[in-house]
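Report on the following structure.
Read the figures in this text as sums done on the coordinates, not as results from a lab. Note that the structure is a prediction, hence the values are computed from the model and not measured. Positions of Cβ are backbone-derived with ideal geometry, glycine not excepted, and every protein chain shown enters the neighbour counts.
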Amino acid sequence: MKRTIPFTLFLYGLLLVLSGWYVVPFCWALVTSVKHPGMVFDGRWLPYTRAKSLDVGGRMVEAQVLQELGDSLVVTLGGMPGQRVVPRAALESVSPAWHNYTDAWRIVPFGKYFLNSALVSLCITLGQLITCSLGGYAFSRLQFPGRDAVFLLYLATLMIPGPILTVPIYMLLRQYHLLNTYQGVILPGLFSAYGTFLLKQFFQTIPKDLEDAARIDGAGVVSLYFRIILPLSGPALAALATFVFIGSWNDFFWPSIVLTDPGMLTLPVGLAHFNDIYMFEYGRLMAGCMISIAPAVLMYMVFQRFVTRGVVMTGLKG
Amino acid sequence: MPARIIGTLIGALVLTAALFFYLLGDDPSQFVNFSTWGTATEIASFQRLIDHYNATRSPRHRVRLSHGEQIQYTERLIVQAAAGNLPDVMHLDRKDLPLFVSRGMCEDLTPYMERDSSFHITDYLPALLPGCKVGTQFYAVPHNFSTLVLYYNKSHFDAEGIAYPDSTWTWDDLLRAARRLTRRDAQGTIARYGCMMTLAVQTLIAQNDGRVLNATLDSCIVASPGAAGAVQFIVDLSEKYGVSWSMLSQNIQWDDMFAGGRLSMIANGRWAAPWYMRTMQPGSIDAAPLPRGKLRRGGAVNHIMAVASQSTKKDEAWQFVKYLVSEEGQRMLNDDGANIPALRSLVYSDAFLRHHTTPTMNNSVFLEELPHSVVWPFEQGIYVTHFVLQTQLELAIRRVLLGQMTAMQSLRIMQDNVNGVIQSHRTAPDAVPFFGSVLSYVCGACAAGLFLFLVRRRGVRLPGRG
């Protein structure tokens, strides 16, 4: 069907509005990360700062803002009677609070948390690439009794909500003394029905003729996996790696359950340290969020086409 | 298969195994494990204290810090108890103590106190001691606390010519001041709010002679005229008088609004004081008692230290608890000024009254409020958590804000809901998880055996090979 110009404009407009739904909160977080305390909810997008004193006839006088009136401020000046109305520009200026980033870095040991997150995410990503590709290979290429039934059972585990498994996995880890260890975070993440399904679907698209040719040359099951299947599955492996890396990098729940040593926390769990239940330091918190999501955003930007392809291949979102 | 691939595979396996064992944690049983929550600053303070303690004690007394995220802290300890994995020393909120004791999670510390001549429970503020007891026995030692007070912007009061709040203030006084302090711009939009009292709802209920739970904490009795009056007053502040903003907005921006001069009075705890002092104009902020109601009541959060009954190092744990609540320990942990130490000798000295984070603030008001305070946010008992109570109270207020029903009708719904939760917890048997049980292993072994049997019988074959 040929699209008309108005329809195309409408479509683009709709997509623009929908993308704004996601982009605006991110922009708010970005701007808030450089806002000064007390000015976070001033209703403006730019990061303003307010001076504590005002130049009155060449003398700096302490100024206390009593009320905001559009472009003006009602102030009292130290040692002077009454109230005055001064333009906002006299006291306020745009000045990003970059110190939120340095404060965030100083308060929370981001370097350590970065390394912890990187270790956990890389191990889970590599592990899933190995286990899922082996599983996908077996389910797509090998013939053995009950293969499809086992695959369906494995796939059915996707229907089990994660929180239900929390206590049993926790108890298992305790039995094996894996609580408060990196292994305790990594091991449950090494196996994924979703990843196995994704790779199985991809492996099925590889022509069998290639395998037959290799088999004539004497290749066995393992050799076929290493020499034929894996080299031809780069895009699928990259898509899975991106999904898994972003997922494990952002994972909060499981690390927060397993890890208790403050020196072993991952970034999302460490970020929670900014918060008190009844006190939020928004500027620093958002600065910390920006620091923590940077690797995941970078990963997504680099491997964006693989992520898109992964979604297209499976019809599932990571 | 070429030797190169096999070599690579074996190498990768060896490296993985080496990494696995290298990363394996220390045996937790060789430490006294101490569990707490808190912000990064608080955790750093605890870590400094522990480092100092470890450096001056023998290896068997070595302590390891275990951190839990604050919102799920109670639930986490309950899960750990179910798994037999409780830390030796637990930093608790007093509201959780009855629940933990009823589950057998806490060691009775009374015998330890009686035989340890270097420890005197009378050194601590008397108002904090009931929070450490269940029945007649001590299951914890007081560590620190915080009381709710009324913070106010002195410049706003000066500009309007209003006298500062004091201990004689009633809620009517607060309302009168808030109406004068609220300012609107030319379009009629509120440019400065008079007050924000969200955190004081529970206290207001208590001041109105209302209760959320009964004295034995096993029944919700919130649908009373006193509680309904308190809820109606909080709703009226925004909906009728326009001096506060609606609780429907569900935001937690009030601290920033107060610091930015867009709010004149706010009810908050000690934890906010250092941040306000740091952020606002020096000398422009002070604290006063919460206004009086029918009864004089305040709200207090008490933090206590307990020893786990599951601990295998109880004596060592007790020694560490003593250090945590000692003068040296309390000085180290209260350096940030966000809490108030429980030790009398410390709290009535300049170490707190002239605390370096709040030197110009009336710090004594936090102490004056303590004897009249009830547990904040809720005294929860053993059948219902404070999150259930908090959620139900917020929903009750929302129904009134939306004009769906009167305060009394809304609180009746809350009462029924909470009593439903209590009833379900009283009658429900403890769940036994399947995964990890012996039965799960038997089922797993049967399934694996069946699978192997089928594989051996039919054999694995490649497609096209027959």
Per-pair calculated FRET efficiency, R0 = 22 Å: B:S117 and B:S349 via Cβ, rounded to 0.05: 0.35
Shape of chain B from its Cα gyration tensor (a ≥ b ≥ c, root eigenvalues): rounded if a/c is under 1.5, otherwise prolate when a/b > b/c, or oblate? prolate
Relative to the first principal axis of the alpha-carbon coordinates of chain B, what is the inclination of helix B:40-55, with its axis defined by its Cα atoms, in degrees from 0 to 90 and to the nearest 10? 60
Mind checking the mean number of beta-carbon atoms from other chains within 10 Å of the Cβ atoms in A:215-224? 2
Given Cβ point charges of +1 (Lys, Arg) and -1 (Asp, Glu) and nothing else, what value in debye, to the nearest 20, does the dipole of region A:102-314 about its Cα centre take? 240
Given a Förster distance of 30 Å, report the FRET efficiency between A:M80 and A:L46 from their Cβ-Cβ distance, rounded to the nearest 0.05. 0.50
Using only the Cα atoms of region A:48-94, build the gyration tensor, take square roots of its eigenvalues as a ≥ b ≥ c, and label the shape rounded, prolate or oblate: rounded if a/c is under 1.5, else prolate if a/b is larger than b/c, else oblate. oblate
Relative to the longest principal axis of chain B, what angle (0 to 90°, nearest 10) does the C-alpha long axis of helix B:3-23 take? 40
Please give the helix B:73-82 orientation as an angle from the longest Cα principal axis of chain B, in degrees from 0 to 90, rounded to the nearest 10. 30
R0 = 35 Å: FRET efficiency of B:S58 with A:F252, Cβ-based, nearest 0.05? 0.40
Roughly how many whole Å is it from the C-alpha centroid of region A:91-117 to that of region A:118-177? 37
Just the number, please: percent antiparallel of the DSSP beta bridges in the protein assembly as shown, rounded to the nearest 5. 75
Just to be sure I understand the rule: take each whole DSSP H helix in chain A, project its Cα atoms onto its long axis, keep it if the span is 27 Å or more and its mean Kyte-Doolittle hydropathy is at least 0.0. Which ones pass? A:5-32, A:110-141, A:282-302
List the aspartates and glutamates whose alpha-carbon lies under 17 Å from that of B:K294, not counting same-chain residues fewer than 8 positions away? B:D166, B:D172, B:D173, B:D209, B:E369
Arrange B:C446, B:C106, A:C289 by Cβ neighbour counts within 10 Å, fewest through most, would you? B:C446, A:C289, B:C106
What residue among A:W254, A:W98, A:W21 has the largest mean-square fluctuation in a Gaussian network model of chain A, using Cα springs under 10 Å? A:W21
Based on DSSP, what percent of beta bridges with both residues in chain B are antiparallel, to the nearest 5? 65
Please report the relative contact order for chain B, taking Cα pairs under 8 Å with a sequence separation of at least 6, and give it as a percent rounded to a whole number. 21
As a test of the formula, what do you get for chain A when each DSSP H run with n ≥ 4 contributes -39,500 (n - 2.57) and the sum is divided by the residue count, at 222 nm and rounded to the nearest 500 deg cm²/dmol? -18000 deg cm²/dmol
For residues of A:250-263, the mean tally of beta carbons on other chains within 10 Å: 4
